[in-house]
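Novice: I have a structure here, written as structure tokens, and I will follow up with some questions on it.
The values are calculated or read from the model by the stated rules, or taken from the named source; none is laboratory data. Quantities reported herein were computed from a predicted structural model and do not represent experimental measurements. Please note: Cβ atoms are built from the backbone with ideal geometry, for glycine as well, and neighbour counts cover all protein chains shown.
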């Protein structure tokens with residue numbers, strides 16, 4: 001029950017930061033949000049007779065923001081999100097990057113001045 005409560009809290013806070021691309025998101029927060037979105041989208045695709053594009057556009061900015069913040073948390077540049085555009089291999093690389101542990105020692109490369 002505690003895990004569900006934690007995931008729900010993470011999900012809500014990530015939606016509140018839908019357009020925040022700076023900062024960091026933990027591995028747990030990223031995966032709770034991503035898996036909850038996947039489940040929600042699958043349910044909505046089955047229940048609501050609405051165009052897939054509309055639902056995808058609704059979910060793309062929060063997913064993009066949390067992915068970039070997760071990259072920052074692993075001390076990687078947010079621009080690495082562009083790897084998603086490489087078919088199949090890009091998805092595998094991004095999954096591995098999202099599974100990396102957090103790095104606390106320094107700021108992400110694009111935040112260094």
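Novice: For residue 76, work out the one condition from (1) surrounded by 12 or more Cβ atoms within 10 Å (Cβ to Cβ); (2) within 13 Å of the chain's Cα centre (by Cα); (3) part of a loop (DSSP other than H, G, I, E, B) it doesn't fulfil.
Specialist: Here residue 76 meets the rest and fails (2).
Novice: Within segment 27-55, work out how many residues are within 18 Å of residue 73 (Cβ to Cβ) and either loosely packed, with under 15 Cβ neighbours inside 10 Å or at pLDDT below 90 (or both). Reasoning before the result, please.
Specialist: Going through segment 27-55, the residues within 18 Å of residue 73 (Cβ to Cβ) turn out to be 27-35.
Now narrow it down to the ones that are either loosely packed, with under 15 Cβ neighbours inside 10 Å or at pLDDT below 90 (or both): 28, 35.
Looking only at that region, the number is 2.
Novice: Select from segment 17-44 the residues that are touching a helix residue (DSSP H, G or I) at 6+ places or on another chain (Cβ under 9 Å), assigned to a helix (DSSP H, G or I) and over 10 Å from residue 70 (Cβ atoms) and list them in ascending order. Break it down stepwise before answering.
Specialist: Residues of segment 17-44 touching a helix residue (DSSP H, G or I) at 6+ places or on another chain (Cβ under 9 Å): 17-37, 40-41, 44.
Narrowing the set further to residues that are assigned to a helix (DSSP H, G or I) leaves 27-37, 40-41, 44.
Across segment 17-44, the qualifying residues are 28, 32, 35, 36, 37, 40, 41, 44.
Novice: Of all residues in segment 92-113, which are assigned to a helix (DSSP H, G or I) and either under 18 Å from residue 26 (Cβ atoms) or at pLDDT 95 or above (or both)? Walk me through it before giving the result.
Specialist: Taking segment 92-113 as the starting set, the residues that turn out to be assigned to a helix (DSSP H, G or I) are 92-99, 109-111.
Selection gives 92, 93, 94, 95, 96, 97, 98, 99, 111.
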